[in-house]
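A.B. asks: Once you've had a glance at the structure underneath, I'll fire off some questions.
The values are calculated or read from the model by the stated rules, or taken from the named source; none is laboratory data. In this text, all values refer to a predicted model and were calculated from it rather than measured experimentally. Cβ sites come from the backbone with ideal geometry, for glycine too, and all protein chains shown count toward neighbours. Accessible surface is based on the protein model in full, side chains and every heavy atom, while ligands, DNA and RNA are left aside. Shrake-Rupley method; radii C 1.70, N 1.55, O 1.52, S 1.80 Å.
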Amino acid sequence: MHDPAKLLKSLFEAAVAAANPALCLPPHLERVLANPPKGRTVVLGAGKAGGAMARAVEDFWTAHSPERPLEGLVVTRYGHGVTCDRIEVVEAAHPVPDAAGRAAAGRILALAQGLTKDDLALCLISGGGSALLSLPADGITLEDKQAVTADLLKSGATIHEMNCVRKHLSAIKGGRLTAAAAPARLVAFAISDVPGDELDVIGSGPTVADPTTYANAVSVLAKYNVTPPTAIATRLAEAVEETPKPGDRVFADSQTTLVATPQMALEAAANVARAAGVTPVILGDAIEGEAREVARMHAGIASQVARHGQPAATPCVLLSGGETTVTVRGSGRGGRNAEFLVALAVALAERSGDCIDRLSAIACDTDGIDGTEDNAGALYLPDTLARATALGLSARVRLNDNDGYSFFEALGDLVISGPTLTNVNDFRAILVI
């Protein structure tokens, strides 16, 4: 008999381990040392995995080529820092940028601008880089960017839409870091946290060509009724100095490679499930949409498995990744994974005859932080609704107030892992026994 909570947590741990920079980055570093630069190797990076990626680079260098010079600067989220000897790791705010992130981004841009054709810019990009690598374009203040970011976070905009706007308000994102590093050779490694693994969206694509435009950014703000500060509205309207586009010769001596993706994490979890005698079904690695609507869809599929043994016979676990959104209308606490699970609880309560006592679920952010709270996510168990009723908790009321965190906190079912030092976005698993 499976212990649902234990099994589900082991699946989450396997997904996170698959994206550990210490494991996924070294094989790619071998080809960097196979063609070392004549001059400096400068590490530049941003993201929630930034510190761990920097440490992986430094450890590899020490083991394989300790005599070669190595330096650089990487910015990561507060609490995600890692101690390095030759690469400086600084911390800044996420998801709303702060002065520390602006200062770090300014220093990173200056380092890139100081490189020559004999040097190598080794860039480390991961999820969260958009907020952490915050260097406002001329005429825009940090406060302007903070205001727009906060409004977009509450609006329900997708990560693709948010990063389209961010790239056009930045002096370093949207390929501008590569432009600054020219004529140096640039090699970038990225850990994907975005649905579809588009390189231009991960960390707002500081090292790759940007296919989006100022007009696209204006459309995003209009779609979500976001009124930007005057300076931002002016910049977007004037559309001066567009981001570097595909085919631009500035990218001729640059290369960006994915080293970890959501699909890799889901496959690692699937292997653990098989070893436990549970059939895994990967529903998708790029699922988007409102968390509560995605939860309703997952509830329907789980019910189909429980009632009809389709698309797989029980015991079965439904796995999915991607990034949901939350349109904030209430005043509660909780990120998109807690929102997904409390919405799943509501959807399952409406299906009281669909063997819900056989269903358990976990939903967590693989970076270990769900939104701005201290939890990675939470667990839904067969007795969740009964225990909630005994405590006088209503899943529907909490959902309407965007208060998933408080709901699962009261039940003792939060998943608290601390920062994982990587990020391949949301991980969801629904176990049907």
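A.B. asks: Looking at the range 270-280, can you tell me whether even one residue there is touching a Phe, Trp or Tyr at 6+ places or on another chain (Cβ under 6 Å), at pLDDT 95 or above and either open to solvent by 80 Å² or more (accessible area, probe 1.4 Å) or assigned to a strand (DSSP E or B) (or both)?
C.D. replies: If we filter the range 270-280 for residues that are touching a Phe, Trp or Tyr at 6+ places or on another chain (Cβ under 6 Å), which is where we start, we get none.
No - not one qualifying residue is present in the range 270-280.
A.B. asks: Could you list, in sequence order, all residues of the range 361-378 that are in contact (Cβ under 8 Å) with a residue 40 or more places away in the chain, open to solvent by less than 10 Å² (accessible area, probe 1.4 Å) and either within 11 Å of ALA338 (Cβ to Cβ) or hydroxyl-bearing (Ser, Thr, Tyr) (or both)?
C.D. replies: ALA363, CYS364, ASP365, THR366, ASN375, ALA376, GLY377, ALA378, listed by residue number.
A.B. asks: Can you work out which of the residues in the range 236-247 that are surrounded by 12 or more Cβ atoms within 10 Å (Cβ to Cβ) and in contact with a helix residue (DSSP H, G or I) (Cβ under 8 Å, 6 or more places away or on another chain) is nearest to ALA147 (Cα to Cα)?
C.D. replies: Residue satisfying both the conditions and the ranking: LEU236.
A.B. asks: Looking at the range 406-433 only, could you name the residues that are open to solvent by less than 10 Å² (accessible area, probe 1.4 Å) and not in a strand (DSSP E or B)?
C.D. replies: Matches in the range 406-433: PHE407, PHE408, THR422, ASN423, VAL424, ASN425.
A.B. asks: Any idea how many residues of the range 25-71 are in a loop (DSSP other than H, G, I, E, B) and in contact with an Asp or Glu (Cβ under 9 Å, 6 or more places away or on another chain)?
C.D. replies: The first filter runs over the range 25-71 and keeps only residues in a loop (DSSP other than H, G, I, E, B), leaving 25, 35-40, 47-49, 65-70.
This time we only want the ones that are in contact with an Asp or Glu (Cβ under 9 Å, 6 or more places away or on another chain), so: 37-40, 47-49, 70.
Matching residues across the range 25-71 total 8.
A.B. asks: Identify all residues within the range 168-183 that are over 22 Å from THR227 (Cα atoms) and either without any contact (Cβ under 8 Å) to a residue 40 or more places away in the chain or open to solvent by 10 Å² or more (accessible area, probe 1.4 Å) (or both); write none if there are none.
C.D. replies: Within the range 168-183, ARG176, ALA179, ALA180, ALA182, PRO183 qualify.
A.B. asks: Among the listed residues ASP200, ASP285, ASP210, identify the single one that is within 27 Å of ALA338 (Cα to Cα), surrounded by 22 or more Cβ atoms within 10 Å (Cβ to Cβ), acidic (Asp, Glu) and in contact with a Pro (Cβ under 9 Å, 6 or more places away or on another chain). Write out each step before concluding.
C.D. replies: Details: ASP200 fails: within 27 Å of ALA338 (Cα to Cα); ASP210 fails: within 27 Å of ALA338 (Cα to Cα).
The conditions single out ASP285.
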